[in-house]
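Chemist: This is the structure, below, for whatever I ask next.
The values are calculated or read from the model by the stated rules, or taken from the named source; none is laboratory data. If you're wondering where the values come from, they're calculated on a predicted model, not measured in any experiment. Note that each Cβ is placed from the backbone with ideal geometry, even for glycine, and that neighbours are counted across all protein chains shown.
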């Protein structure tokens with residue numbers, strides 16, 4: 001158990017602007033990780049190892065990308081008991097993201113809305129942070145690196161940014177995630193369409209084969225998709241994943257739907273909605289993917305995991321592994337251990 005219960009710190013953090021609380025927390029973790037003070041939030045890793053996509057995960061619970069965009073806190077976050085940590089989304093060049101305010105809490109719905117827009121310090125700074133991380137991976141933790149495109153890059157040139165990202169992160173990643181599903185970068189989700197996805201994955205798989213040969217290491221590559229997809233779109237994505245021999249899929253990112261939070265303060269803010277309201281949409285996509293992809297294809301389920309029961313529901317829908325983000329903000333590190341223990 002953490003030395004300081006999250007119930008004591010949450011009221012203070014929730015009294016701050018959401019992005020200010022986020023930066024304060026990450027800044028503190030970055031400074032204190034790998035020091036004796038890490039005992040304030042660390043806990044033993046629960047659950048049992050499982051092999052997915054050729055990787056041995058210490059347990060089935062991971063941190064979703066987006067919380068630590070610059071990879072500053074890999075060891076500190078890993079100390080919360082995660083089996084795997086995914087950091088990013090990183091873009092080739094640094095960018096500030098969208099104007100503030102751009103993060104909003106909806107506590108009545110256990111939800112967040114963000115329109116951060118891939119704010120990050122760029123690939124070089126990201127990789128320097130990744131190289132500094134040591135204790136999480138030394139303890140067997142799996143590290144995923146999540147890549148995206150710069151906002152200023154025209155959508156017709158998006159492949160170039162993803163190739164730069166893949167080439168940069170490949171030597172340092174246990175797996176790579178290709179993020180084409182954030183609603184906060186203009187036209188990004190258009191890459192989920194048939195022809196665009198086929199071209200993107202074709203180029204990335206070709207580059208990955210070259211990097212694998214050059215560096216003599218296997219690095220699985222996953223695709224992260226949105227929850228706002230109909231059955232026909234999911235079928236196209238599944239077919240394209242199999243066609244190109246992708247190693248797995250992460251379902252899902254945040255939603256642009258607002259039905260579940262209608263009438264609540266901030267519900268009409270532009271951006272991606274995460275937390276409890278996206279749970280069922282995410283589970284629907286996971287179920288549909290499992291039906292299309294069959295039993296052996298790796299699926300990571302993310303979206304609305306606020307309890308051990310939610311993690312079990314993701315698993316029942318067909319996910320091999322689960323990730324949390326908003327659940328960590330609302331429930332604290334105890335959720336990691338509870339979910340990992342429930343998933344066995």
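Chemist: Evaluate the range 148-157: report whether one residue or more is touching a residue at least 40 places away in the same chain (Cβ under 8 Å), touching a strand residue (DSSP E or B) at 6+ places or on another chain (Cβ under 8 Å) and either crowded, with 24+ Cβ neighbours inside 10 Å or assigned to a helix (DSSP H, G or I) (or both).
Modeler: yes
Chemist: Next up: Across the range 29-45, which residue is surrounded by the fewest Cβ atoms within 10 Å (Cβ to Cβ) among those that are within 21 Å of the chain's Cα centre (by Cα) and part of a helix (DSSP H, G or I)?
Modeler: That would be 30.
Chemist: Next up: Step by step: first the residues of the range 117-141, then only those that are more than 16 Å from the chain's Cα centre (by Cα) and at positive phi, then the one that is surrounded by the most Cβ atoms within 10 Å (Cβ to Cβ). Which residue is that?
Modeler: That would be 122.
Chemist: Being outside any helix (DSSP H, G or I), surrounded by 24 or more Cβ atoms within 10 Å (Cβ to Cβ) and on the phi > 0 side of the Ramachandran plot is the requirement here; does residue 144 meet it?
Modeler: So residue 144 does not fit the description; no.
Chemist: For the range 208-224, give me each residue that is in contact with a strand residue (DSSP E or B) (Cβ under 9 Å, 6 or more places away or on another chain) and part of a helix (DSSP H, G or I).
Modeler: Correct list: 208 only.
Chemist: Consider the range 92-105. How many of its residues are more than 29 Å from residue 137 (Cα to Cα) and in contact with a strand residue (DSSP E or B) (Cβ under 7 Å, 6 or more places away or on another chain)?
Modeler: Summing the residues that are more than 29 Å from residue 137 (Cα to Cα) and in contact with a strand residue (DSSP E or B) (Cβ under 7 Å, 6 or more places away or on another chain) in the range 92-105 gives 4.
Chemist: Within the bounds of the range 73-91, is there any residue that is surrounded by fewer than 22 Cβ atoms within 10 Å (Cβ to Cβ), in contact with a strand residue (DSSP E or B) (Cβ under 9 Å, 6 or more places away or on another chain), in contact (Cβ under 8 Å) with a residue 40 or more places away in the chain and assigned to a loop (DSSP other than H, G, I, E, B)?
Modeler: No, because not a single residue in the range 73-91 is surrounded by fewer than 22 Cβ atoms within 10 Å (Cβ to Cβ), in contact with a strand residue (DSSP E or B) (Cβ under 9 Å, 6 or more places away or on another chain), in contact (Cβ under 8 Å) with a residue 40 or more places away in the chain and assigned to a loop (DSSP other than H, G, I, E, B).
Chemist: When both residues are 6+ apart or on different chains and their Cβ atoms are under 6 Å apart, which pairs have a first residue that lies in the range 301-312 and is more than 19 Å from residue 290 (Cβ to Cβ), and a second that is part of a strand (DSSP E or B)?
Modeler: If the second residue must be part of a strand (DSSP E or B), no pairs are left.
Chemist: Let me ask something else about it. Of everything in the range 321-344 that's farther than 18 Å from residue 226 by Cα and in contact with a strand residue (DSSP E or B) (Cβ under 6 Å, 6 or more places away or on another chain), which residue is surrounded by the fewest Cβ atoms within 10 Å (Cβ to Cβ)?
Modeler: If we take residues in the range 321-344 being farther than 18 Å from residue 226 by Cα and in contact with a strand residue (DSSP E or B) (Cβ under 6 Å, 6 or more places away or on another chain), then 340 is surrounded by the fewest Cβ atoms within 10 Å (Cβ to Cβ).
Chemist: Oh, and also: Select from the range 10-19 the residues that are surrounded by 13 or more Cβ atoms within 10 Å (Cβ to Cβ) and either touching a helix residue (DSSP H, G or I) at 6+ places or on another chain (Cβ under 6 Å) or without any contact (Cβ under 8 Å) to a residue 24 or more places away in the chain (or both) and list them in ascending order.
Modeler: Across the range 10-19, the qualifying residues are 13, 16.
Chemist: Output the number of the condition that residue 101 fails; it satisfies all remaining conditions of (1) touching a residue at least 60 places away in the same chain (Cβ under 8 Å); (2) part of a strand (DSSP E or B); (3) more than 18 Å from the chain's Cα centre (by Cα).
Modeler: Of the numbered conditions (1) touching a residue at least 60 places away in the same chain (Cβ under 8 Å); (2) part of a strand (DSSP E or B); (3) more than 18 Å from the chain's Cα centre (by Cα), the odd one out for residue 101 is (2).
Chemist: Please indicate, with yes or no, whether at least one residue in the range 92-110 is closer than 22 Å to residue 188 by Cα, surrounded by 24 or more Cβ atoms within 10 Å (Cβ to Cβ) and at pLDDT 95 or above.
Modeler: no
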